[in-house]
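Structure, as structure tokens:
The values are calculated or read from the model by the stated rules, or taken from the named source; none is laboratory data. For clarity, every value in this text was computed on a predicted model and none was experimentally measured. Every residue, glycine as well, gets a Cβ built from its backbone with ideal geometry; the counts of neighbours run over all protein chains shown. Only protein heavy atoms, including side chains, enter the accessible area calculation; ligands, DNA and RNA are left aside. Shrake-Rupley method; radii C 1.70, N 1.55, O 1.52, S 1.80 Å.
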Amino acid sequence: TNLPLINSKILIEIVILMVLCISIFNGCATQKPDLRVAFYSFEYDGENYRIRSISSEDDTLSCNELISNEFVARDYDQDRFIDEISLGEINLAEAQKIYDYALKLLSVENKLREVSKQSNRFIYNNFEYVYEIKSFNPAAGEPFNEFKVVHNRHITNPQTIISIDKKADGTIDEIQEGTISPEKIQSLYAHAIKKGLKKEELVEVDSMILVKAK
């Protein structure tokens with residue numbers, strides 16, 4: 001796929017600090033002194049898409065959006081994984097495939113830069129698994145959790161499962177990445193929640209289970 005030509009005069013020396021830093025886009029504009037928005041257009045399976053990357057100095061508004069004519073998907077913490085479909089009916093797994101494709105294009109062209117970034121997360125590990133729960137509180141929606149499990153026994157190529165609890169109510173609603181039965185991922189999630197509550201790193205608020213703000 002031939003990507004559009006980039007206007008280098010507009011894009012020279014633009015620095016966007018984010019976990020996933022897309023450093024050269026088709027266009028970029030500063031909307032506020034502390035807010036930058038950049039766009040990258042690409043084609044996947046005959047359809048046109050774009051990524052909108054938003055960066056703020058305090059990280060409160062930073063996110064990446066995968067946009068098509070049919071849907072908008074968001075990577076709130078810019079960690080390469082779609083967290084929510086905010087508009088449209090596509091499932092997380094399919095949106096992730098498109099997002100992965102765009103990131104691969106950008107990586108090949110050396111247009112990605114990763115910077116460490118903190119977010120509300122609880123991490124727990126035992127002999128078999130590393131568990132991670134991240135809580136999100138989008139401005140235009142309800143809080144939700146992302147649950148990640150990495151299998152410790154696969155050292156060279158660890159299996160990673162990512163799932164979403166859309167209501168932060170302790171029930172997994174959708175598996176985004178990896179192959180696992182709904183019963184198994186729910187069991188692992190329940191185990192991680194129990195540990196998090198015991199360690200007082202998770203809290204129950206209005207029938208929701210969320211990572212305690214640090």
Item to check | Test set (1) more than 24 Å from Q96 (Cβ to Cβ); (2) part of a helix (DSSP H, G or I) - A213 fails condition number | outcome: (2)
Checklist outcome for this item: By residue number, the members of the stretch 191-210 that are in contact with a helix residue (DSSP H, G or I) (Cβ under 9 Å, 6 or more places away or on another chain) and either in a loop (DSSP other than H, G, I, E, B) or more than 20 Å from V130 (Cβ to Cβ) (or both) are E201, V203, E204
Checklist entry - I172: among the β-branched types (V, I, T), within 24 Å of E47 (Cβ to Cβ) and open to solvent by less than 40 Å² (accessible area, probe 1.4 Å), yes or no? => result no
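Restricting attention to the stretch 102-120, which residues are modelled with pLDDT of 90 or more and buried (at least 16 other Cβ atoms within 10 Å of the Cβ)? Steps first, please.
Of the residues in the stretch 102-120, the ones modelled with pLDDT of 90 or more are 102-105.
A102, L103, L105, listed by residue number.
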Checklist entry - Scanning the stretch 138-150 for residues that are touching a strand residue (DSSP E or B) at 6+ places or on another chain (Cβ under 8 Å) and farther than 22 Å from K199 by Cα, which turns out surrounded by the most Cβ atoms within 10 Å (Cβ to Cβ)? => result P138
Item to check | the stretch 184-200 - residue that is in contact (Cβ under 8 Å) with a residue 60 or more places away in the chain and under 21 Å from the mean Cα position of the chain (by Cα) and, of those, nearest to K148 (Cα to Cα) | outcome: A192
Item to check | Identity of the residue in the stretch 144-188, aliphatic (A, V, I, L, M) and touching an Asp or Glu at 6+ places or on another chain (Cβ under 7 Å), that ends up farthest from E204 (Cα to Cα) | outcome: I161
Item to check | Among (1) within 28 Å of Y189 (Cα to Cα); (2) in a loop (DSSP other than H, G, I, E, B); (3) at pLDDT 90 or above; (4) open to solvent by 70 Å² or more (accessible area, probe 1.4 Å) - the single one I90 does not satisfy | outcome: (4)
